[in-house]
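The values are calculated or read from the model by the stated rules, or taken from the named source; none is laboratory data. Note that the coordinates shown come from a computational prediction; the quantities given were computed from them, not determined experimentally. For neighbour counting, all protein chains shown are included, and Cβ atoms are generated from backbone atoms with ideal geometry for every residue, glycine included.
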Amino acid sequence: MTDPTSNAAEYTVSEISFALKRSIEDQFGFVRVRGEISGYRGPHSSGHAYFALKDEGARMEAVVWRGVLGKLRFKPEEGMEVIATGKLTTYPNSSKYQIVIDALEPAGAGALMALLEERKRKLGAEGLFDPGRKQLLPYLPRVVGVVTSPTGAVIRDILHRLADRFPVHVLVWPVKVQGESCGSEVAAGIAGFNALPEGGRIPRPDVIIVARGGGSLEDLWGFNDEVVVRAAAASDIPLVSAVGHETDWTLIDLAADVRAPTPTGAAEMVVPVRRELMDRVDDLGRRLTGASLRAVDLRRTRLIAAARALPRASDILALPRQRFDAAANALPKALTANTTLHARQFERVTARLTPASLLRTQAQLAERLSVLSARGGRAVAELIARRRARLDQVTSVFDAVNHMATLRRGYALVRDDEGKPVFRAGGLAAGASIEIEFADGRVRGRVGDEAPTAIEAKSLPRRPKTKPGPEDQGNLF
Amino acid sequence: MTTATDVSALSFEQALKELEGIVARLEQGSVPLEESISIYERGDALRKHCDGLLKAAEAKVEKIRIAGDGSAAGVEPLDRE
């Protein structure tokens, strides 16, 4: 049985789900949704980013496909208030719907400020704002490049102020100073000026001014663009930023070499005042001439003074001349004096050289000789006397002990035929000739034929074998 | 001395600085006479150079014509309203 009230067509789940999906996508194919980013889960490994948009009363899933994520001007961040542009779609598998985001922009000033801070931190970390990168502005540029809108008050103000101070060659690089293309155009202008060759057809500026009048944070947003900051930091030509009013800050101000408070201020910074310079050069020129004239004058004065103080040549010569005369006069006298002096010295020496001195020496020597010989004579006599006394003493002793004294007492000495004394009877052969000495003379004899009988030899007194004669006493001296 | 440097090649600031230096030396009177003449001549050339740079300044305002690739294609007078 069928329910009469249920004559409506039946759908399968898929049919209804896909029907719903079509309706949603048709109805909400292009929507802008404002909400806060919640549950941001970075780029997934697939490269897609998933999060939710929420407000006080609702929450909607959101996805940013990989290809879109890379092109977003603002990187989605947790808690950021954004306006998302995209389409709604459903996910039939699980009865869910979501927004597929094509573009994302911060909603309101707070969000922009947060973004600005983040970008400033990131570029600052790269060193693009380092004070060490800053270049000095040229003192007197010949060509000033201005990147700004070619129409409007800003360029007019700059040109007026330049004309007032120092008329220079100005090149304006026209750009949009607001809107989507602003950032890229300004960056291209800075890079374009830098790309101009030195001495080329278009003169290369010596300094660049990037200028724009005041405006809201959104109006000035192009000057916060990363490409602008990088172009300003990379500029070889010194760059002055003059964007907005004095209280407005943009990132190009941080990357520029100098920040001017206003476009007019930038014009004042890049050129000096010509009138003042001309006065200064004129003044220097006068001083130059004056100083060199004075230098010559001073020397002339000194020359005159010196010339006056210079003595006459004759005066200079007078004194030496006088000295010369004196010396010349003295010369012969001096010669004589010198000779005399030597003669006198010679005489002194020759006076001392006489035979008397020789004779005196001789007499002294003779006297010394006689003294010495006298002393010698006495000494010799004494010596002789002493020897004589000793001889006498010895002689008397000798006389007392020699055999002559014995002989005189009646003894006789027998000698053999050789004249040697014979002390033993046994020493004589029978018939040997002998000589007997008495005190008053000698007689020759012969031993009888019988062999002499020896008396006991022991009883014979011992006698020295040789007895020194008086003639052996030696010389007295 | 930087006499070797061609005066005309100097920037205004360089020339002015050198000119000031020369004037100061001459005013001190410490420069030998021969040198004082040569540096006077140099100073005079520097003064003329500075003067020339200042007088040659002219207000010329042009606008860059941008080529298709974004580079500078040429210049044209700036249309000042």
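Residue by residue, here is whether (1) touching a Cys at 6+ places or on another chain (Cβ under 9 Å); (2) under 30 Å from residue A:223 (Cα atoms) holds:
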| site | (1), (2) |
| --- | --- |
| A:267 | no, yes |
| A:280 | yes, no |
| A:287 | no, no |
| A:313 | no, no |
| A:320 | no, no |
| A:329 | no, no |
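Quick check on residue A:310: is it under 25 Å from residue B:34 (Cα atoms) and more than 9 Å from chain B (Cβ to nearest Cβ)?
The answer is yes for residue A:310.
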TODO: Within segment A:115-124, identify whether any single residue is assigned to a helix (DSSP H, G or I) and more than 57 Å from the chain's Cα centre (by Cα), and answer yes or no.
DONE: no
- [ ] State yes or no: is residue B:52 at pLDDT 85 or above, more than 8 Å from every other protein chain (Cβ to nearest Cβ) and under 22 Å from residue A:137 (Cα atoms)?
- [x] yes
Task: Matching residues in segment B:55-81 - criterion: being at the interface with chain A (Cβ under 8 Å from one of its Cβ atoms) and either of a type in the set (A, V, I, L, M) or over 24 Å from residue A:203 (Cβ atoms) (or both) - done: B:57, B:59, B:61, B:64, B:66, B:72, B:75, B:78, B:81
- [ ] Determine which single condition residue A:142 fails, assuming it passes every other condition in (1) more than 9 Å from chain B (Cβ to nearest Cβ); (2) surrounded by fewer than 18 Cβ atoms within 10 Å (Cβ to Cβ); (3) within 57 Å of the chain's Cα centre (by Cα).
- [x] (1)
Open item on the list: If a residue counts only when it is acidic (Asp, Glu), which strands (runs of 3 or more DSSP E) contained entirely in segment A:1-99 have at least 1 such residues?
Closed with: A:31-43, A:59-64, A:81-91
TODO: Could you figure out which of (1) surrounded by 15 or more Cβ atoms within 10 Å (Cβ to Cβ); (2) touching a Gly at 6+ places or on another chain (Cβ under 6 Å); (3) of a type outside the set (Lys, Arg); (4) more than 29 Å from residue B:30 (Cα to Cα) isn't true of residue A:245?
DONE: (1)
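Restricted to segment B:55-72, and to residues that are in a strand (DSSP E or B) and more than 29 Å from the chain's Cα centre (by Cα), which residue is farthest from residue A:277 (Cα to Cα)?
Initial filter on segment B:55-72 (in a strand (DSSP E or B)): B:60-66, B:72.
Filter once more, keeping what is more than 29 Å from the chain's Cα centre (by Cα): B:65-66.
Working: B:65: 34, B:66: 36 Å.
Once the filter is applied, the top-ranked residue is B:66.
Of these, A:360, A:286, which one is away from every other protein chain (no Cβ under 14 Å) and of a type in the set (Lys, Arg)? Even if it seems obvious, please write down each step before you answer.
Numbers: A:286 fails: away from every other protein chain (no Cβ under 14 Å).
Answer to the selection: A:360.
Under the condition of being surrounded by fewer than 20 Cβ atoms within 10 Å (Cβ to Cβ) and either touching a helix residue (DSSP H, G or I) at 6+ places or on another chain (Cβ under 6 Å) or modelled with pLDDT of 95 or more (or both), which residue from segment A:205-229 is farthest from residue A:106 (Cα to Cα)?
Filtering segment A:205-229 for residues surrounded by fewer than 20 Cβ atoms within 10 Å (Cβ to Cβ) gives A:214-219, A:226-227.
Pick out the ones that are also either touching a helix residue (DSSP H, G or I) at 6+ places or on another chain (Cβ under 6 Å) or modelled with pLDDT of 95 or more (or both) and you get A:217, A:227.
Working: A:217: 12, A:227: 19 Å.
Checking each candidate, the answer is A:227.
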- [ ] Could you grab me the full set of residues in segment A:30-64 that are closer than 12 Å to residue A:102 by Cα, loosely packed, with under 15 Cβ neighbours inside 10 Å and out of contact with any Ser or Thr (no Cβ under 9 Å at 6 or more places or on another chain)?
- [x] none
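Tell me which helices (runs of 4 or more DSSP H) are completely within segment A:232-321 and hold 2 or more residues being closer than 30 Å to residue A:120 by Cα and out of contact with any Ser or Thr (no Cβ under 9 Å at 6 or more places or on another chain), or say none if there are none.
Values: elements: A:251-255, A:263-270, A:274-309.
Passing ranges, in order: A:263-270.
Give the residue that is farthest from residue A:174 (Cα to Cα), with candidates limited to residues of segment B:19-38 that are in contact with a Ser or Thr (Cβ under 8 Å, 6 or more places away or on another chain) and more than 7 Å from chain A (Cβ to nearest Cβ).
Of the residues in segment B:19-38, the ones in contact with a Ser or Thr (Cβ under 8 Å, 6 or more places away or on another chain) are B:26, B:36-38.
Subsequent filtering for residues that are more than 7 Å from chain A (Cβ to nearest Cβ) retains B:37-38.
Details: B:37: 52, B:38: 50 Å.
Here the residue is B:37.
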Open item on the list: Restricting to segment A:145-164, name every residue that is touching an Asp or Glu at 6+ places or on another chain (Cβ under 8 Å), touching a residue at least 12 places away in the same chain (Cβ under 8 Å) and facing chain B (nearest Cβ under 10 Å).
Closed with: A:150
- [ ] Among the residues of segment B:17-46, count how many are touching a residue at least 24 places away in the same chain (Cβ under 8 Å) and of a type in the set (Val, Ile, Thr).
- [x] 2
Task: Those residues of segment A:188-221 which are assigned to a helix (DSSP H, G or I), within 14 Å of another protein chain (Cβ to nearest Cβ) and out of contact with any Asp or Glu (no Cβ under 7 Å at 6 or more places or on another chain), in sequence order - done: A:188, A:189, A:190, A:191, A:192, A:193, A:195
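In segment A:65-112, which residues are more than 21 Å from residue A:218 (Cα to Cα) and among the basic types (Lys, Arg)? Can you show your working first?
Step one: list which residues in segment A:65-112 are more than 21 Å from residue A:218 (Cα to Cα), which gives A:65-70, A:78, A:86-101.
Within segment A:65-112, A:66, A:87, A:96 qualify.
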Open item on the list: I need every pair where a residue in segment A:187-208 that is farther than 18 Å from residue A:137 by Cβ has its Cβ under 7 Å from the Cβ of a residue that is of a type in the set (S, T, N, Q), sequence separation at least 6 or different chains.
Closed with: A:192/B:71; A:195/B:71
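Evaluate the following for residue A:292: is it under 30 Å from residue B:16 (Cβ atoms), among the hydroxyl-bearing types (Ser, Thr, Tyr) and out of contact with any strand residue (DSSP E or B) (no Cβ under 6 Å at 6 or more places or on another chain)? Full working, then the answer.
Numbers: under 30 Å from residue B:16 (Cβ atoms): yes; among the hydroxyl-bearing types (Ser, Thr, Tyr): yes; out of contact with any strand residue (DSSP E or B) (no Cβ under 6 Å at 6 or more places or on another chain): yes.
Here the answer is yes, as residue A:292 does meet what is asked.
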